[in-house]
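Engineer: Below is one structure. I have some questions about it.
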Amino acid sequence: MFRLKLIEQPMPTGSKDTDTLLEWLIDSLSLVRRKSETWGLNDEPSALHRMFRGALLAEPLRGWNTKELGDSCGLSQTAMHNQMQRLRESGLVASELKGRWHIHVLRGGSMNSAIDLLAVQARKILQIRLAELSDLIIESDERMITPSEDEEKKFKIKITEPRATVQGKDRIDSLIDDLGLNGERVKSEDDLGKRVTLELAKSHRAITLLVLAERLNETRSRVQRVLERMLEMNIIERVAMPERIAQDVYLGLMRQFDARGEEWLMTKGGLGRLNDDISKKIISGVKKKSLNIEKIESILEDVNIDKQKLLLNTLGGRMPYGFRFAGKNGEEVSERVLNRLDRTIRRLKTVASRVDESLN
């Protein structure tokens, strides 16, 4: 069963040190758990690192049994069993039974070849799983009207080939679980990842965290954790919601006028930065209590979006943001994710080649 977790790491630019390059690969393939996110030069090499250096990279096709590999890195038989299972699932190592021992080799006879084989499997399996996800996403041009302003996040993704459906679950449950959207330690009855995915998949517009939490009757912190995983996977994006600005500006104007008065609105409140005609209309409406959200929207229609954001900020509000699938349909979302995977794989191949070169 192919199972892999990839984390995009900054390239170890210019490094030819085998230890640094090897630990970078181990971190990128999530093969060990660390207290910090990455290995540092002053850190002790991981047991997996010692095993590669002492055995699999030294003689990749010799055929190592589990005891020999354990001796090379100081791990017990039980710990080695868990490590080798992870390496086989990730596609780095191949095994066969000879007598009473499983014999292990580095696939292809080099780190570069092993990563090449891993990459082919990872991309094809991810294509299959993204096709399943695509079937859930309703096509919508309206969803993508507002351009995204969100910064690019570190790419993290779990790639698992389709498994048997668990009793009492459906194929959507299996997909969400295999993609890791439910988290690492999830209770079997917890389907929040599935519910968030389906809610966003049927929406034609971005949805705020607060609205999602209310619709799903969940805490904001739990919903936010699911959204963070989806952002790291690159299937959704955070986007500004300018259609909400008028509502929040209206509430800010009324609240600040009652608390601080007209002079504050014109100075620290930001109305003085707007065109005189616009600021006068707003102040007049505030004083007469004749303003509403529709009137604010009409008055600010010719004000560019950056000045609207600044006004909202000076009134004590914040730009509302929502979450949406990162494409008008499933095909666009899939293409976006596969592009990030390709970039990560190119980095893996480059570093794997440097590992082989450094050994020679």
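Engineer: With Cα extents along the principal axes in Å defined as stated, name the option among (1) 72, 45, 44; (2) 91, 48, 31; (3) 60, 57, 51 computed from the structure displayed.
Structural biologist: Checked against the structure: label (2).
Engineer: Moving on. Note down the relative contact order for the chain as a percent, whole number, built from C-alpha pairs under 8 angstrom at least six residues apart. List each step's numbers first, then the result.
Structural biologist: Details: 486 pairs, mean separation 80.1, N = 360.
For the chain, the relative contact order is 22 percent.
Engineer: Find how much the distance from Lys154 to Gln224 grows on full extension, using 0.36 nm per residue of separation minus their present alpha carbon separation; answer in nm with one decimal.
Structural biologist: Here the answer is 23.5 nm.
Engineer: Using the Kyte-Doolittle scale, find the helices of the chain whose mean hydropathy is at least -1.0 and whose Cα atoms extend 27 Å or more along the helix's long axis, counting only whole DSSP H runs.
Structural biologist: Details: long enough: 111-134 (33 Å, 0.58); 330-359 (43 Å, -0.71).
Qualifying helices: 111-134, 330-359.
Engineer: In terms of the ratio Rg/(2.2 N^0.38 Å) built on C-alpha atoms, what value belongs to the stretch 243-314?
Structural biologist: Numbers: Rg = 10.6 Å, N = 72, 2.2 N^0.38 = 11.2 Å.
Compactness ratio reported: 0.95.
Engineer: Can you tell which of Asp248, Asp302, Asp135 shows the greatest fluctuation in a Gaussian network model of the chain with Cα springs below 10 Å?
Structural biologist: Of the options given, Asp302 has the highest mean-square fluctuation.
Engineer: Please list, by residue number, every one of the GluC sites (Glu not before Pro) in the stretch 114-149 that is coil in DSSP and has at most 15 other beta-carbon atoms within 10 Å.
Structural biologist: Those that pass, being in a loop and sparsely packed, are Glu139, Glu149.
Engineer: If you don't mind, there's one more thing I want to ask. Using the Cα centre as the reference, give the magnitude of the dipole from point charges on the C-beta atoms of the chain (Lys, Arg: +1; Asp, Glu: -1; all else neutral), rounded to the nearest 20 debye.
Structural biologist: Around 600 debye, computed over the chain.
Engineer: Relative contact order for the stretch 231-307 using alpha-carbon pairs under 8 Å, separation at least 6, rounded to a whole percent?
Structural biologist: Once normalised by length, the contact order is 34 percent.
Engineer: Then there's this: Of Tyr321, Gly272, Gly261, which is farthest on the positive side of the dipole of the stretch 222-360, counting Cα position, with +1 on Lys and Arg Cβ, -1 on Asp and Glu Cβ, and the Cα centre as origin?
Structural biologist: Gly261
Engineer: About its Cα centre, what dipole magnitude does the stretch 243-314 give when the only charges are +1 on Lys and Arg Cβ and -1 on Asp and Glu Cβ, stated in debye to the nearest 20?
Structural biologist: Values: 13 positive and 12 negative charges, 59 e Å.
Here the stretch 243-314 has a charge dipole of around 280 debye.
Engineer: Using +1 at the C-beta of Lys and Arg and -1 at the C-beta of Asp and Glu, which of Ser90, Ile296, His104 has the Cα lying farthest in the positive direction of the dipole of the chain?
Structural biologist: His104
Engineer: Right, something else. Compare the peptides 224-231, 290-297, 79-86 by average per-residue count of other Cβ atoms within 10 angstrom and give them in order, highest first.
Structural biologist: 224-231, 79-86, 290-297
Engineer: If you find the alpha carbon centre of the stretch 196-263 and of the stretch 285-346, how far apart are they in angstrom?
Structural biologist: So the separation of the two Cα centres works out to 10 Å.
Engineer: For the chain, modelled as a GNM with alpha-carbon contacts under 10 angstrom, which of Gly330, Gly91, Gly14 fluctuates the most?
Structural biologist: Of Gly330, Gly91, Gly14, the Gaussian network model singles out Gly14 as fluctuating most.
Engineer: Modelling each spin label as a point 7 Å along the Cα-to-Cβ direction, I'd like the Leu97/Asp141 distance in nm, to one decimal.
Structural biologist: Inter-label distance under the simple model: 5.9 nm.
Engineer: Strictly greater than 27 Å: what percent of every Cα pair in the stretch 170-301 meets that?
Structural biologist: 44
No value in this document is a laboratory result; all are computed from the given coordinates. Everything numeric in this text was worked out from a predicted model, so none of it was measured. Counting neighbours? That spans all protein chains shown, and the Cβs are built from the backbone with ideal geometry, glycine included.
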